[in-house]
Amino acid sequence: MSSSADAAAGPRVAVLASGRGSNFESLAAAFRDGEIPGEIVLLVVDQPGAGACAVAERFGIPWILVRGRKDRDAFDAALLAVLREHAVDYVFLAGFLRILGRAAVEAYWGRILNIHPSLLPSFPGLRAQAQALAAGAEESGCTVHFVDFGVDTGPAILQRRVPVLPEDDEDSLAARILREEHRAYPEAARRVLSGRVRIDGGNP
Ligand code: GRF
């Protein structure tokens with residue numbers, strides 16, 4: 001954790017993203033508008049040219065590329081160095097396509113959030129919307145959850161639901177879910193950073 005001087009200014013958050021960054025944008029707007037205590041001090045991307053970088057520039061948030069490494073431990077070490085350098089307290093994954101390794105999850109246990117486009121535990125992993133359609137689900141949605149050592153397995157903070165319509169394809173369902181994601185992530189962040197929700201059980 002950062003010093004008590006930093007704590008007085010509120011939690012310091014890093015967002016990790018790989019793509020267009022629309023969830024990052026919804027979070028950045030909510031922090032800017034004072035809806036969530038604390039501030040986003042850094043965007044970390046693992047893909048050069050991620051759309052999220054343009055969002056960061058619009059909001060005046062510094063961003064940094066941590067280059068994708070094949071070795072998860074090496075990536076973790078590089079990421080942790082960056083997070084420590086910026087005295088980051090919380091890590092929000094927002095469309096980040098890498099799986100964090102044990103070292104990163106342990107270092108930030110209970111302080112890493114992720115958003116996933118399904119009602120977990122249904123349809124974890126890639127292409128969750130396509131999975132929901134293939135399964136004939138009548139309802140889907142999104143889940144904001146704490147990150148643990150599994151993939152999309154950590155304790156849920158909140159979910160928002162949408163119907164799956166007969167005429168849906170992957171894109172139309174993804175768009176409907178995404179609208180709910182943009183409400184869910186700021187609300188979940190507000191609950192966690194204002195101390196209303198925390199992961200049960202203390203340490204990993
Ligand atoms: C979202 O659907 C999120 O749930 C998933 O990846 C997508 C990222 O979209 N983890 P964006 O980059 O935030 O627009």
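The values are calculated or read from the model by the stated rules, or taken from the named source; none is laboratory data. Every value quoted in this text rests on a predicted model; they were computed, and no experiment measured them. Quick reminder, even Gly has a Cβ in these numbers, built from the backbone with ideal geometry, and neighbours come from all protein chains shown.
Results, tabulated for the structure shown:
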quantity: Which numbered condition Ala87 misses (of (1) surrounded by 15 or more Cβ atoms within 10 Å (Cβ to Cβ); (2) touching a residue at least 60 places away in the same chain (Cβ under 8 Å); (3) of a type in the set (A, V, I, L, M)); calculated: (1)
quantity: Residue identified as within 12 Å of the ligand (Cβ to nearest atom), among the basic types (Lys, Arg) and either under 18 Å from Val197 (Cβ atoms) or more than 14 Å from the chain's Cα centre (by Cα) (or both) among Arg111, Arg98, Arg176, Arg102; calculated: Arg176
quantity: Qualifying residue in region 103-114 (condition: under 22 Å from Ser18 (Cβ atoms), in contact with a Leu (Cβ under 6 Å, 6 or more places away or on another chain) and among the hydroxyl-bearing types (Ser, Thr, Tyr)); calculated: no
quantity: Subset of region 47-57 [more than 12 Å from the ligand (Cβ to nearest atom) and either in contact (Cβ under 8 Å) with a residue 60 or more places away in the chain or within 15 Å of Phe92 (Cβ to Cβ) (or both)]; calculated: Ala56
quantity: Residue list for region 58-84, filter: assigned to a loop (DSSP other than H, G, I, E, B) and in contact (Cβ under 8 Å) with a residue 12 or more places away in the chain; calculated: Ile61, Pro62, Val66, Arg67, Gly68
quantity: Every pair of residues 6+ apart whose Cβ atoms lie under 8 Å, when the first sits in region 115-137 and is more than 14 Å from Leu178 (Cβ to Cβ) while the second is loosely packed, with under 14 Cβ neighbours inside 10 Å and of a type in the set (A, V, I, L, M, F, W, C); calculated: Ser122/Ala135; Phe123/Ala135; Pro124/Val151; Gly125/Val151
quantity: Hey, Val55 surrounded by 21 or more Cβ atoms within 10 Å (Cβ to Cβ) and either of a type in the set (Val, Ile, Thr) or over 24 Å from Gly154 (Cα atoms) (or both) or not; calculated: yes
quantity: Of the criteria (1) under 25 Å from Val45 (Cα atoms); (2) surrounded by 15 or more Cβ atoms within 10 Å (Cβ to Cβ); (3) aliphatic (A, V, I, L, M), which one Leu133 fails; calculated: (1)
quantity: Region 179-201, subset within 22 Å of Glu106 (Cα to Cα) and without any contact (Cβ under 8 Å) to a residue 24 or more places away in the chain, residue nearest to the ligand (Cβ to nearest atom); calculated: Arg196
quantity: Subset of region 26-46 (residues that are more than 13 Å from the ligand (Cβ to nearest atom), in contact with a Leu (Cβ under 9 Å, 6 or more places away or on another chain) and assigned to a loop (DSSP other than H, G, I, E, B)); calculated: Ile36, Pro37, Gly38
quantity: Residue within region 31-44 that is touching a residue at least 24 places away in the same chain (Cβ under 8 Å) and farther than 25 Å from Val192 by Cα present; calculated: no
quantity: Qualifying residue in region 150-168 (condition: acidic (Asp, Glu), under 30 Å from Val88 (Cα atoms) and either modelled with pLDDT of 95 or more or within 11 Å of the ligand (Cβ to nearest atom) (or both)); calculated: yes
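For (1) modelled with pLDDT of 95 or more; (2) within 13 Å of the ligand (Cβ to nearest atom), each residue gets a yes or a no:
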residue: Met1; (1), (2): no, no
residue: Phe24; (1), (2): yes, yes
residue: Phe59; (1), (2): yes, no
residue: Arg69; (1), (2): no, no
residue: Ala74; (1), (2): no, no
residue: Val82; (1), (2): yes, no
residue: Asp89; (1), (2): yes, no
residue: Phe92; (1), (2): yes, yes
